[in-house]
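S.K.: Starting off with a structure, shown below.
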Amino acid sequence: MPAYPQDESMAISAALDRLPSGSPVSAVATRLLELFTSGSIAPGTRLPPERQLAASLDVGRSAVREALAALEVLGVVDVRPGSGTYLRSSTSELLPQSLSWGILIGQRSTTELIEVRGALEIYAARLAAERMDADSAAELDTHLQRMAETLDDLPAFVEADLQFHLVLARATGNSVLLDLLQIIRSLLRVWVDRAVEDVDHARAALAEHTAVRDAIAAGDGDAAASAMASHMLTAGRRLANVQQA
């Protein structure tokens, strides 16, 4: 294992204040996130070992381990077995992630997240119809074709579905909108991955995506928003049904 720079380790540890006795994992994650988004740690920096972070925060190693695991899911840190934990993104990229963690620890209902996602996707479809360039349009078609080819391979279908939405979101040219959609998608991922349960669901989703793509290709923002609204309505129902199952 490579040697850990002791000056960085000590500086990071010194920046962490002790938490009150019995602090939950959410408090540990929030404190770490505050430090990681402060701009004082360069992207790619290897963080102190769990035991050192636990000692600095005066909490158990298990709390630190769970907090880091949650931050890894949210894309804040990269845990590399046998090497350590590293800060993944720049401060500007990490700031929106604080919102996702706040939603997660606040235990907002999945129903509310589905509603917000729907509204953002509808807006994104409208903007994409106005702003999408030829390269993005071709990429959108590629993922739509991939969906058509994987109707009987649901994991591959779901991945193509995700890529379709990411291309659409990027095509808006609005980085904040993209960040918000990625945050919500990550929080819903466990449900999204299970929402398409059979080939019939996949066919319905393909038809909905095709309608969105056709409206965007025509440069019709109203039609794109309407098509996405229809898709979000049925997709939201599928997500809600999976959650209740």
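S.K.: DSSP loop trypsin sites (Lys or Arg not before Pro) in region 108-181 with at most 13 other Cβ atoms within 10 Å of their Cβ, which ones? Provide the component values of the computation, followed by the final result.
M.R.: Numbers: sites: Arg108, Arg117, Arg126, Arg131, Arg146, Arg170; in loops: Arg108.
Of the trypsin sites (Lys or Arg not before Pro), the ones in loops of region 108-181 whose Cβ has at most 13 other Cβ atoms within 10 Å are Arg108.
S.K.: Suppose each label sits 7 Å from its Cα in the direction of the beta carbon; what would the Arg18-Glu115 distance come out to in nanometres?
M.R.: 4.4
S.K.: Pulled fully out, how much extra length does the chain show between Ala218 and Thr45, if you take 0.36 nm times their separation in residues and subtract their Cα-Cα distance?
M.R.: Values: separation 173, 0.36 × 173 = 62.28 nm, distance 4.60 nm.
Here the answer is 57.7 nm.
Quick note: the coordinates plus some simple rules give every number you see, no bench work behind them. Small disclaimer: the values here were computed from a predicted structure and weren't measured. Every residue, glycine as well, gets a Cβ built from its backbone with ideal geometry; the counts of neighbours run over all protein chains shown.
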